[in-house]
Amino acid sequence: MSPRLRWRKFVSGLMLTMTGVCALVAVSVLFFILGYLVYHGGRSINWDFFTKLPAPVGESGGGMANAIVGSAKLLLLASLLGVPIGFLGAIYLAEFSGSRVAFVVRYAADLLNGVPSIVIGIFAYALVVLPFKHFSTLAGGFALGLMMIPITLRSTEDFLLAVPRALREAAMALGASKWKTIATVIVPAAYRGILTAILLAFARVAGETAPLLFTALGNRFWSPGWNQPTASLPVAIFNYAVAPYEDWHRQAWAGGLVLLALILVINIVARAILARGVAVPRA
Amino acid sequence: MAATTTVPSASPISGSRSFLRRLCDGDEIARLITFLFAASVVLVTLLLILELWHSSALARHKFGLQFFFTRVWDPIAEQFGALPFIYGTLVTATTALVLAVPLGIGAAIFLAELAPARLSDGLEFFIDLLAAVPSVIYGLLGMFIVVPLMRDYVQPGLKKTLGFLPLFSGPAYGVGFLTAGIVLAIMVSLGATRWESTWKVVVPFARTGILGSIFLALARALGETMAVTMVIGNTPTISSSLFSPGYSIAAVIANEFTEATGDLHLQALIELGLVLFLLTFLLNGVARLLIVVTSQRGGGTALA
């Protein structure tokens, strides 16, 4: 073996190892984050954390019950806005539209998807907060819902388009009208994919903080109804982290752990749904 | 003769499903309803642009182009210049990319080319999960690990790095790497080492796709709010050092929006939002173009 070849083999081996290290570093960061959150937040997670309001400044104890309920309400609103528009819009794109209209809708959705989340917050502020004259759950849910639309839309469309043409033709040949074909054949065939798309969009907005800062604002108490400022888990984590109190930092870690666990579980479930079967049943 | 007469008689039956008939089938109703939902996406996007433009009118008229070149940000004196924020945004985003690009491309090469399929499936799953970690958690870790590590030194780029990794592996993965598999095999059989064939054949092949994913990541990094706000130091100064406090567009909006002292202050912040929107819009456009170009070229080569 000539020295030149030996050198080339050496470089090859070295660089291959380096790329492997890159992949390893990327993956280990996830476990580092998870481990660190468990280490710092795990101790502060107890029954109180899920059931009590934040304690007044200076007192220890208390929990994030209001933030957890607030997040649930915000995400419910977001889903009510994002899922129907994303899902039905995707049906239009995949089944009804001509290519020109589809191009415009897709372009708009991609544009919306690329808008920084803080700018979405400004938009929701101008559209919902200003007319109602105060920060509210409604405005926060609107902002998160807007972010859900493009994610749901584009991936649902992909899954609908993946349904084989033969299934459509078979249904039409049996005399089913177009909408009946969609409702009884195409959507059921793609339902795993659609469910995954919705869950991933949900998980994505569940951790969003920036659009909530000046729409839902924050609240140290319960937020009755839909028209009051409300606490939410991500914003609470942010507020607690930047505050100068040791006890609040512990709560922030605990909140981070709960949030991350929720998001990871949804992600894993979504992928499991997709992986469990082929999206299209073989007749 | 009989055959030719049946053809025209058949077409009216299928073709003459009148509008009324289709309406009764529900097709037109379903079409209309789904159209309304699809159209609302376009409407909302247009509304967003209009709203940003309209709501920043006061600031745009008052400061004009000077807005981008003034260094003073003084809400009390109502003097607003965006330069420190634009500078801070570009610096943090660039730092993030410098850290993320080599790592991302390295990981992508490993996953797409070198790792056995089962290993790369598993690793990819974890990297996807890494992408799902919300930015406020990166900010939390940055605040309590990196900032204390550097004491008063702040380097927000670092935290933003890892969230963007998947963006690199994602598009680069699908876009060009795999189509080059055959060429790769030929190279290896001709005597190239594994690395030489990867670096000299596959990577150039996927170059535009990689560039596209870098632009995509840059757009994400520019708009990143939480991870930056929590660590950047929030000081509107322009400093040549990466380790002194700064400020970014997204961070100043996050911090000052609810405490804006007057209309002009609020509008100046909204104008910053508009700037951010336009920047990410441009970058996303370029990125998508590059990715489309690559995938078309990849498809063509695969056919040939």
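Quick one: which helices (runs of 4 or more DSSP H) lie wholly within the range A:133-186 and hold at least 1 residues that are surrounded by 18 or more Cβ atoms within 10 Å (Cβ to Cβ), in contact (Cβ under 8 Å) with a residue 24 or more places away in the chain and among the β-branched types (Val, Ile, Thr)?
Numbers: elements: A:137-161, A:165-173, A:178-181.
Output list reads A:137-161.
Which one of the conditions (1) over 30 Å from B:Ala59 (Cβ atoms); (2) modelled with pLDDT of 60 or more does B:Val136 fail to meet, given that it meets all the rest?
(1)
Can you pull out the residues in the range B:97-148 that are buried (at least 19 other Cβ atoms within 10 Å of the Cβ) and among the charged types (D, E, K, R)?
Listed by number, the residues that qualify are B:Glu113, B:Glu124.
Go through (1) hydroxyl-bearing (Ser, Thr, Tyr); (2) within 23 Å of A:Leu77 (Cβ to Cβ); (3) open to solvent by 30 Å² or more (accessible area, probe 1.4 Å) and name the single condition A:Tyr245 misses.
Every listed condition holds for A:Tyr245 apart from (2).
Restricting the search to the range B:195-210, which residues are more than 19 Å from B:Val286 (Cα to Cα) and either within 12 Å of chain A (Cβ to nearest Cβ) or open to solvent by less than 20 Å² (accessible area, probe 1.4 Å) (or both)?
B:Trp195, B:Glu196, B:Ser197, B:Thr198, B:Trp199, B:Lys200, B:Val202, B:Val203
Considering only residues that are under 27 Å from B:Gly106 (Cα atoms) and touching a residue at least 40 places away in the same chain (Cβ under 8 Å), which ones fall in the range A:1-47?
Matches in the range A:1-47: A:Ile33, A:Leu34.
Is there a residue being buried (at least 21 other Cβ atoms within 10 Å of the Cβ), more than 8 Å from chain B (Cβ to nearest Cβ) and among the aliphatic types (A, V, I, L, M) anywhere in the range A:96-118?
No: zero hits.
In the range B:25-44, what count of residues is obtained for those that are of a type outside the set (A, V, I, L, M) and more than 31 Å from the chain's Cα centre (by Cα)? Lay out the reasoning, then the answer.
So the first thing to find is which residues in the range B:25-44 are of a type outside the set (A, V, I, L, M), and the list is B:25-28, B:31, B:34-35, B:37, B:40.
Within this subset, residues satisfying the condition of being more than 31 Å from the chain's Cα centre (by Cα) are B:25-28, B:31.
Of the residues in that region, 5 qualify.
How many residues are touching a strand residue (DSSP E or B) at 6+ places or on another chain (Cβ under 7 Å) and not in a helix (DSSP H, G or I) when one looks only at the range B:67-125?
4
State whether one or more residues within the range B:224-235 are under 30 Å from B:Arg60 (Cα atoms), open to solvent by 30 Å² or more (accessible area, probe 1.4 Å), polar (S, T, N, Q) and modelled with pLDDT under 80.
Scanning the range B:224-235, I find at least one residue that is under 30 Å from B:Arg60 (Cα atoms), open to solvent by 30 Å² or more (accessible area, probe 1.4 Å), polar (S, T, N, Q) and modelled with pLDDT under 80, so the answer is yes.
Conditions tested, residue by residue: (1) aromatic (Phe, Trp, Tyr); (2) touching a Leu at 6+ places or on another chain (Cβ under 8 Å).
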| position | (1), (2) |
| --- | --- |
| A:Arg8 | no, no |
| A:Val11 | no, no |
| A:Thr17 | no, no |
| A:Val21 | no, no |
| A:Leu37 | no, yes |
| A:Phe49 | yes, no |
| A:Gly62 | no, yes |
| A:Ala65 | no, yes |
| A:Ile68 | no, yes |
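Of the conditions (1) open to solvent by 20 Å² or more (accessible area, probe 1.4 Å); (2) part of a helix (DSSP H, G or I); (3) not hydroxyl-bearing (Ser, Thr, Tyr), A:Glu208 clears all except one; give me its number.
So A:Glu208 meets the others, but not (2).
Being more than 8 Å from chain A (Cβ to nearest Cβ) and either among the β-branched types (Val, Ile, Thr) or free of Cβ contacts under 8 Å to residues at least 24 places away in the same chain (or both) is the filter here, so list the residues in the range B:37-63 that pass it.
Filtering the range B:37-63 down to residues more than 8 Å from chain A (Cβ to nearest Cβ) leaves B:43, B:49-50, B:53-54, B:56-63.
Answer for the range B:37-63, where residues must be more than 8 Å from chain A (Cβ to nearest Cβ) and either among the β-branched types (Val, Ile, Thr) or free of Cβ contacts under 8 Å to residues at least 24 places away in the same chain (or both): B:Leu43, B:Ile49, B:Leu50, B:His54, B:His61.
Can you say whether A:Gly41 is in contact with a Gly (Cβ under 9 Å, 6 or more places away or on another chain) and farther than 26 Å from A:Gly225 by Cα, as far as the supplied structure shows?
It is true that A:Gly41 is in contact with a Gly (Cβ under 9 Å, 6 or more places away or on another chain) and farther than 26 Å from A:Gly225 by Cα.
Rundown of residues vs (1) assigned to a helix (DSSP H, G or I); (2) open to solvent by less than 20 Å² (accessible area, probe 1.4 Å); (3) facing chain B (nearest Cβ under 10 Å), yes/no style:
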{"site": "A:Met18", "(1), (2), (3)": "yes, no, yes"}
{"site": "A:Cys22", "(1), (2), (3)": "yes, no, yes"}
{"site": "A:Ala26", "(1), (2), (3)": "yes, yes, yes"}
{"site": "A:Leu30", "(1), (2), (3)": "yes, yes, yes"}
{"site": "A:Tyr36", "(1), (2), (3)": "yes, no, yes"}
{"site": "A:Gly41", "(1), (2), (3)": "yes, yes, yes"}
{"site": "A:Phe49", "(1), (2), (3)": "yes, yes, no"}
{"site": "A:Val57", "(1), (2), (3)": "no, no, no"}
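I'd like the full set of residues that are among the small types (Gly, Ala, Ser), over 13 Å from the mean Cα position of the chain (by Cα) and within 11 Å of chain B (Cβ to nearest Cβ), limited to the range A:144-175.
Correct list: A:Gly175 only.
The values are calculated or read from the model by the stated rules, or taken from the named source; none is laboratory data. Everything numeric here is computed off the predicted structure, so don't read it as measured data. Cβ coordinates were reconstructed from backbone atoms using ideal geometry, including for glycine residues, and neighbour counts include every protein chain displayed. Accessible surface areas use protein heavy atoms only, side chains included; no ligands, DNA or RNA. Shrake-Rupley method; radii C 1.70, N 1.55, O 1.52, S 1.80 Å.
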